[in-house]
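Novice: Please find one structure pasted underneath; my questions will follow.
Each value in this text was obtained by applying a stated rule to the coordinates, not by laboratory testing. Please read all numbers here as calculations on a predicted model, not as lab measurements. Every residue, glycine as well, gets a Cβ built from its backbone with ideal geometry; the counts of neighbours run over all protein chains shown.
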Amino acid sequence: MKIDCKHVWQHISAYIDGDVDAVLRAEIDRHLETCEICSAVLDSTRNVVVLMADDRVFELPAGFSDRLHARLDHDLALNEGS
Amino acid sequence: MGMVSNPASEAECIRRILAGERHLFHELIRPCERPIYFLLSSLLRNDTEAEDAAQETVIKVFRNLHLFRGDSQFRTWVLSIARNEGLGRLRKNETRREDSLDALTDGEAGDFTPAILTSWREVPTETLERQELGSLLRKAIEALPEIYRNVVLLRDIEEMDVRETAAVLGISEGAVKVRLHRARALLQRDLAPKLKAFAPKRGKLFGWAR
């Protein structure tokens, strides 16, 4: 079975997550060997996924943790008697 | 801190808090702070309200700790509480919101065709030292419809597995996979053409289609 580009795109996310079966993976790999468009789509998607996972993209607001724990301390103290 | 890192000692920590060692709660909740805040920020799209909702969530977790049954991960339980807190606030603010929660459903057609490129040079994570790249990524995620934004946040940003993501959002694992796929396709289409400017320049430029 030969698969086309659209078919590859449908499975790109699962492919990146290692969530495709061996047969499909082999088909996709074979397609990628000769299709530079799908290779670029796969590589760019994977690159986006890697960049998003970096903690520097989403940082907690400055002082977030301090304010949270201060509020918590206040609440823990209020509940002390209960 | 090792004490709260594995499930058995997390249970022990919870038991001791309930037995009166309340100060231990600070350490118990610390690993959940980041996902709580970003889940709420993704729902509420307002930093001040997200922080307030995050504090409210943590207080609720503390007050309801005796209700935690241990049949799910502690973090999953905490994030469900955060999500409920966020949804409650959204309902109150309904009129201010332009995109209603169920504006888009899984069945709905959308254009998930990727950006077509003929070659790709990887943008290394070191590039994130540059403020513009982070802000580009954040904007792209904020522009996603809500049902995709939450899934990307939990799966790709907080790196939770499919099962936990499904549990937090109250959807099936299949729906998590479909939504994640669509979200990544939308992000690739939005970002790939812009990210090319961040790729390291070496040798001659390849032809970037589009």
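Novice: Can you list the aspartates and glutamates whose alpha carbon is less than 12 Å from that of residue B:194, not counting same-chain residues fewer than 8 positions off?
Specialist: List returned: B:132.
Novice: Quick one: grab the alpha carbon gyration tensor of the protein assembly as shown, order the square roots of its eigenvalues as a ≥ b ≥ c, and give me rounded if a/c is under 1.5, else prolate or oblate depending on whether a/b is larger than b/c. Kindly include the intermediate steps, with their values, before the conclusion.
Specialist: Values: a/c = 2.08, a/b = 1.94, b/c = 1.07.
It comes out prolate by the Cα gyration axes.
Novice: Neighbouring Cβ atoms within 10 Å as the yardstick, rank A:11, A:74 fewest first. Let's see the in-between values first.
Specialist: On the way: A:11 17, A:74 11.
Result, fewest neighbours first: A:74, A:11.
Novice: Tell me, how many Å apart are the Cα centres for the range B:122-173 and for the range B:44-64?
Specialist: 20
Novice: Shifting gears a bit: Under a 10 Å cutoff between Cα atoms, tell me which one of A:19, A:54, A:66 has the largest fluctuation in the Gaussian network model of chain A.
Specialist: Taking springs between Cα atoms under 10 Å, the residue moving most is A:66.
Novice: Could you tell me which Cys residues in chain A have no other cysteine's Cβ under 4.7 Å from their own Cβ, answering none if every one has a partner?
Specialist: A:5
Novice: If you line up the long axis of helix A:64-78 against the longest principal axis of chain A, both from Cα atoms, how many degrees apart are they, to the nearest 10?
Specialist: Here the helix axis deviates by roughly 40 degrees.
Novice: Please give the average number of partner chain Cβ atoms lying within 10 Å of the Cβ of each residue in B:54-61, rounded to a whole number. The partial results should precede the final answer.
Specialist: Working: counts 6, 8, 1, 1, 5, 8, 0, 1.
The per-residue average across the peptide is 4.
Novice: Among B:13, A:38, what is the fewest-to-most ranking by other Cβ atoms within 10 Å? List each step's numbers first, then the result.
Specialist: Working: B:13 18, A:38 23.
So the ranking, lowest neighbour count to highest, is B:13, A:38.
Novice: Something else now. Classify chain A as rounded, prolate or oblate, taking a ≥ b ≥ c as the square roots of the eigenvalues of its Cα gyration tensor: rounded when a/c is under 1.5, otherwise prolate if a/b is larger than b/c and oblate if not. The partial results should precede the final answer.
Specialist: Numbers: a/c = 6.77, a/b = 3.17, b/c = 2.14.
Prolate, because a/c is 1.5 or more and a/b exceeds b/c.
Novice: Based only on Cα atoms, what Rg/Rh ratio does the range B:2-96 have, Rh being taken as Kirkwood's radius?
Specialist: On the way: Rg = 13.9 Å, Rh = 13.8 Å.
Result for the range B:2-96 is an Rg/Rh of 1.01.
Novice: Which whole number gives the average, over all residues in A:13-19, of C-beta atoms from other chains lying within 10 Å of the residue C-beta? Provide the component values of the computation, followed by the final result.
Specialist: Numbers: counts 12, 3, 0, 4, 7, 0, 2.
Across A:13-19, the average partner-chain Cβ count within 10 Å equals 4.
Novice: Normalised by the residues of chain A, what does the relative contact order come to in percent, with Cα pairs under 8 Å and at least six apart? Could you put the intermediate results ahead of the total?
Specialist: Numbers: 20 pairs, mean separation 20.3, N = 82.
After rounding, I find 25 percent.
Novice: When the helices in the protein assembly as shown are scored as -39500 (n - 2.57) per DSSP H run of 4 or longer and the sum is shared across all residues, what 222 nm value do you end up with, to the nearest 500 deg cm²/dmol?
Specialist: Roughly -18500 deg cm²/dmol at 222 nm, from the helical runs in the protein assembly as shown.
Novice: If you don't mind, there's one more thing I want to ask. Over the whole of B:152-165, what's the average partner chain Cβ count within 10 Å per residue? Rounded to a whole number, please. Let's see the in-between values first.
Specialist: On the way: counts 2, 2, 0, 5, 8, 7, 2, 2, 0, 1, 2, 0, 0, 0.
The per-residue average across the peptide is 2.
Novice: Compute the helix-to-body angle for A:36-52: its Cα long axis versus the longest principal axis of chain A, expressed 0 to 90° and rounded to tens.
Specialist: That helix lies at roughly 10 degrees to the long axis.
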